[in-house]
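Beneath this line is the structure, given in C-alpha cells, with notes to follow.
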Amino acid sequence: MADVSEVPSARERAIVRNRWLLLTPALAILIFAASGPLLITLTYSFLTPGDYGGVEWKFSTDAWFNVILQRDIFDDTLMFADAHLSILWRSVKLSLMTTIGAIILGFPTAYFIATRPKAHRDFWMLLIIIPFWTNLLIRTFAVMELIRNEGTLNTLLMAVGIIDDPIQILYTETAIMIGMLYVYLPLMVLPLYASMERLDFSLVEAGYDLYATRFAVLRRIILPLVKPGLIAGSILVFVPSLGAYVTPRVMGGGKQLMLGNLIELQFGQGRNWPLGAALSITLLAIVMVALIFYVRAAGKEEVPHG
Amino acid sequence: MIEIRNVSKAYGAGKSRFLALDDVSVTIRENEFFTLLGPSGCGKTTLLRTIAGFVDPTDGSVSMNGEDLLKLPPHSRPVNTVFQSYALFPHLTVRQNIAFGLEMLGKPKAEITRTVDDMMALVQMTAMADRQTGQISGGQQQRVALARALAPKPKVLLLDEPLSALDFKLRKDMQIELKRLQTETGITFVFVTHDQEEALTMSDRVAVMKAGSIRQIGSPRDIYDRPAERFVADFIGDTNFIPVEVSQIAGTVAQIKLPSGKMIEARAVEGATGGASTLAVRPEHATLGIAQDALMAGTLKNIVYFGTDTHYHVDLDGADSFVVRAQNTPGNKLDFSVGDAVGITFPPQVGQVLRD
C-alpha cells in the first residue's frame, strides 16, 4: 500500500509545481516587505553618517557603540550615554504603565460589554471602536484639550474649588501615558472582549455555587480562561506604545522624548542615519525579547479554551 | 428541611410580564430524592435556581432548617449544583475540579486530598484524576460534575437535568448510579427533569409542574396511578380520557355513567365534582374482549406491536378513541384483527375521576 502512494505521479508533481507558482507573488511581497526594510536598516547601522544626512558607504560600528555609550569630548573617557538610557528607560516604563492601565480600565469594560444582552453588545462595542477609527492626531489633541492648564479638567476642578491653580499635566510623562492609554485602550478591549464573549458564564455560576467569593471567581475562573485575550491585548498595547511617536511628541511637547522621537531625531535634525538605524534595531530587539518572555511566562499553564 | 413558601418570580413588566413561578409552596424533606418534573418552560429550573441562589424570587420565602436562604448569596448556601452542561472548569484537571469547592471553603490540604480521593472512588474516576476535563467522555464529565458537587458535603444537592446530554444506555446506568449515591451519602437530592421515566424510577417524591405552578406532589406510584388532573395524567404515561357523568361522590369513590350508558364505580380525586367530568384510564388497566357485555364497544382500528406489549387502538361507538395495552406473555394472544367489533372492560375503582 505504501509503495503505491509514495511515488508521486506526474499529475501530482504538476499540481505541486502550480501551487508554488500561485504562491510566488504573495511570497515575494512577504519576503521583500518584511526583510527588505529590515536589511536596509541593518546595513545602514554599520555605515558612517553623511555630512548632510544619508550615509557614506564606509563600514563603522560607531552607531552601535553610540546606542548606549558615549566618549567624552575632551578626555575621550568612555561612559554610558545618559540621555539615551533615560529615554530607553522612559519608553519601557511608560509602555508598561500604559499596558497595566489598559488592563485595569479595559478588563471591567470588556466584562461589562460581554455580560450585556446580545442585542446591546454591538452598540457598546461601537462606542469603543468609533474613537479607534478616528484620526490618531485628532484623538491626541482631544486628550490634550482635556488635560491642558486651561482645559476641561482643570477648569472643572477650579470651578468646584478643589484646586486653586491648574495642575500641570500636559508636557509631562503622565500626559504621555494618558494619551497612549486613550489611544491604545481599544486594542486591549477588543481581544479581551473576544475571549470573554466566548466565556461560558455557567462556569462563573459553578464557581459561586462552590463557595467561591467574587474575588475568587475572578482570580480562579475568569482570569485563567480569558488569559489568551489578556496576553493578546497586552502585546497589542505594549508594542506600539514602545515605538510611539505622535503621542509623546504632542503630549510631551518635545521635552519628554521616547524611543520613537529619538529615532526620528537622528534621521532629521541629528543627521545621523546610522545611529537612527541602530536605535530602530534596538527597539525591535527589545520588543522581541519582551514578547518572548511574556509568551513564555503566560504559556506555562496551557489553557485549552473551549 | 427546605421550606418554599408562596414563591413567585416575574420577568419583564407591563404586557410582557411573565410569571416563571406562580405562588409555589413545597416542603422538601431530609434525605429525600425529590424530583421537579414538567415540560420545558414550566419553571422547574427557575425553582431550582431559586434554591441555589441564582434567581431572586419576586415574592415568597425559602428557608432551610429554619434559616432564611434568601438572605444568603449563592456562595454561602450549603447547597451544590450539578449543572445541565456540567460547567466543569476547562483549565483544571479532574482532581482540581473536584477539589475546588473544598479549597474555597478553606479546608486543610490533607483533608482535601482525602475527600477528593474518596469522591473519585465513589464515582469511579480515580484513573482519570489528572486528565483535563476536555479529554474525558460525556459520561465521565457527568461523574466529575457529581463528585465536584458532592465533595463539600452539601446538605442538599441540586441537579439540573444532569442526564439529558447522555445517550440512552448511559442514562439508564446513571439513573441507578444516582439513586445509589443518594442512598449512600444520605444527602437530599432535588432533581429537575422533563423525562417522566427518570422521575418515576429514581424519586421518592415527584412534583409535577406546569406554567410556573406545582400541579401535584406525590410518590411516583401516586402520580402515575392517581393523577389529579388531566395535565398530570397526560404528561406522565399514556392515558385514555373518557367524558363521563358523575352521579354521586362518597369520599374517594364516585358513581359514574359512561358514554355507553353503563354505570361503574371509579376513584375520585380530592376536589372532583359531580356532573360532567373526565375519567382517566391507563391503557394497561383495560382489557379487550368481545363487544357483548363489555363496558364500551367499538371497532378495532389499529394494532401496534411493541415487543413487550401490543397496543390496540379502538374507535369507540361515541367517536372517541381508546387504547388498550396488552402484555405479550405466552398464552396471552388476542385473536382480533383490524375492523373487528370489540369491547373494552376495566374493573371498578380503576378509572380516576379528574379534577378538571
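Here are some notes:
A quick yes/no check of all residues on (1) under 30 Å from B:Leu102 (Cα atoms); (2) part of a loop (DSSP other than H, G, I, E, B); (3) modelled with pLDDT of 95 or more:
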site: B:Arg5; (1), (2), (3): no, no, no
site: B:Ala20; (1), (2), (3): no, no, no
site: B:Asp23; (1), (2), (3): no, no, no
site: B:Ser40; (1), (2), (3): no, yes, no
site: B:Thr45; (1), (2), (3): yes, no, no
site: B:Asp56; (1), (2), (3): yes, yes, no
site: B:Gly60; (1), (2), (3): no, no, no
site: B:Leu70; (1), (2), (3): yes, no, no
site: B:His75; (1), (2), (3): yes, no, no
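- Within region A:30-60, restricting attention to residues that are part of a strand (DSSP E or B) and out of contact with any Phe, Trp or Tyr (no Cβ under 7 Å at 6 or more places or on another chain), the residue that is surrounded by the fewest Cβ atoms within 10 Å (Cβ to Cβ) is A:Asp51.
- The residue of region A:184-200 that is nearest to the other protein chains (Cβ to nearest Cβ), among those that are touching a residue at least 60 places away in the same chain (Cβ under 8 Å) and hydrophobic (A, V, I, L, M, F, W, C), is A:Leu199.
- Among the conditions (1) within 13 Å of chain A (Cβ to nearest Cβ); (2) closer than 28 Å to B:Ser203 by Cα, B:Phe100 misses just one, which is (2).
- Residue list for region B:98-147, restricted to those being closer than 26 Å to A:Leu218 by Cα, of a type in the set (Lys, Arg) and out of contact with any helix residue (DSSP H, G or I) (no Cβ under 7 Å at 6 or more places or on another chain): B:Lys107, B:Lys109, B:Arg143
- Selection over region A:268-284 of residues that are within 22 Å of the chain's Cα centre (by Cα) and either surrounded by fewer than 22 Cβ atoms within 10 Å (Cβ to Cβ) or over 14 Å from A:Leu88 (Cβ atoms) (or both) gives a count of 6.
- Condition met for B:Pro227 (of a type outside the set (D, E, K, R) and either in contact with a helix residue (DSSP H, G or I) (Cβ under 6 Å, 6 or more places away or on another chain) or more than 14 Å from every other protein chain (Cβ to nearest Cβ) (or both)): yes
- Here B:Lys169 meets each of (1) modelled with pLDDT of 90 or more; (2) of a type outside the set (Val, Ile, Thr); (3) part of a helix (DSSP H, G or I) with one exception, condition (1).
- Complete set of residues in region B:135-169 that are away from every other protein chain (no Cβ under 13 Å) and of a type in the set (S, T, N, Q): B:Ser137, B:Gln140, B:Gln142, B:Ser164
- Conditions (1) among the acidic types (Asp, Glu); (2) in contact with a Pro (Cβ under 6 Å, 6 or more places away or on another chain); (3) under 29 Å from B:Glu197 (Cα atoms): number failed by B:Glu265: (3)
- Top-ranked residue in region B:322-341 [being among the small types (Gly, Ala, Ser) and more than 27 Å from the chain's Cα centre (by Cα); ranked as farthest from B:Phe241 (Cα to Cα)]: B:Gly331
- Some residue of region B:258-266 being outside the structural domain of B:Gly38 (by TED's automatic domain parsing) and within 12 Å of the chain's Cα centre (by Cα): no
- Restricting A:Met251, A:Met258 to residues that are under 24 Å from A:Ile40 (Cα atoms) and surrounded by 15 or more Cβ atoms within 10 Å (Cβ to Cβ) narrows the list to A:Met258.
- Test: residue in region B:170-192 that is closer than 30 Å to B:Pro39 by Cα, within 14 Å of chain A (Cβ to nearest Cβ) and out of contact with any Leu (no Cβ under 8 Å at 6 or more places or on another chain): no
- Taking the criterion of being surrounded by 23 or more Cβ atoms within 10 Å (Cβ to Cβ) and not hydrophobic (A, V, I, L, M, F, W, C), the only residue of region B:217-238 that qualifies is B:Pro227.
- Extreme residue, nearest to A:Lys227 (Cα to Cα), among residues of region B:103-114 that are among the hydrophobic types (A, V, I, L, M, F, W, C) and within 13 Å of chain A (Cβ to nearest Cβ): B:Met104
- Some residue of region A:229-238 being under 30 Å from A:Asn149 (Cα atoms), of a type outside the set (Phe, Trp, Tyr) and buried (at least 18 other Cβ atoms within 10 Å of the Cβ): yes
- Unique residue being surrounded by fewer than 20 Cβ atoms within 10 Å (Cβ to Cβ), over 26 Å from B:Lys179 (Cα atoms) and facing chain A (nearest Cβ under 9 Å) when the list is B:Ser61, B:Ser85, B:Ser76: B:Ser76
- Reported count of residues in region B:182-216, each being surrounded by fewer than 22 Cβ atoms within 10 Å (Cβ to Cβ) and under 18 Å from B:Thr46 (Cα atoms), is 6.
- A:Glu6 passes every criterion in (1) charged (D, E, K, R); (2) modelled with pLDDT under 85; (3) closer than 30 Å to A:His84 by Cα apart from (3).
- If the condition is being crowded, with 16+ Cβ neighbours inside 10 Å and hydroxyl-bearing (Ser, Thr, Tyr), then region B:33-58 contributes B:Thr35, B:Thr45, B:Thr46, B:Thr50.
- Region A:99-200 holds helices (runs of 4 or more DSSP H) entirely within its bounds, and those carrying 3 or more residues that are under 24 Å from the mean Cα position of the chain (by Cα) map to A:118-133, A:136-147, A:173-197.
- Criterion applied to B:Gly339, B:Gly331, B:Gly307, B:Gly298 was being buried (at least 18 other Cβ atoms within 10 Å of the Cβ) and out of contact with any Pro (no Cβ under 8 Å at 6 or more places or on another chain), and the one residue passing it is B:Gly298.
The values are calculated or read from the model by the stated rules, or taken from the named source; none is laboratory data. What you are looking at is a predicted structure, and each value in this text was computed from that prediction instead of being measured. We place every Cβ from the backbone using ideal geometry, glycine too, and count neighbours over all the protein chains shown.
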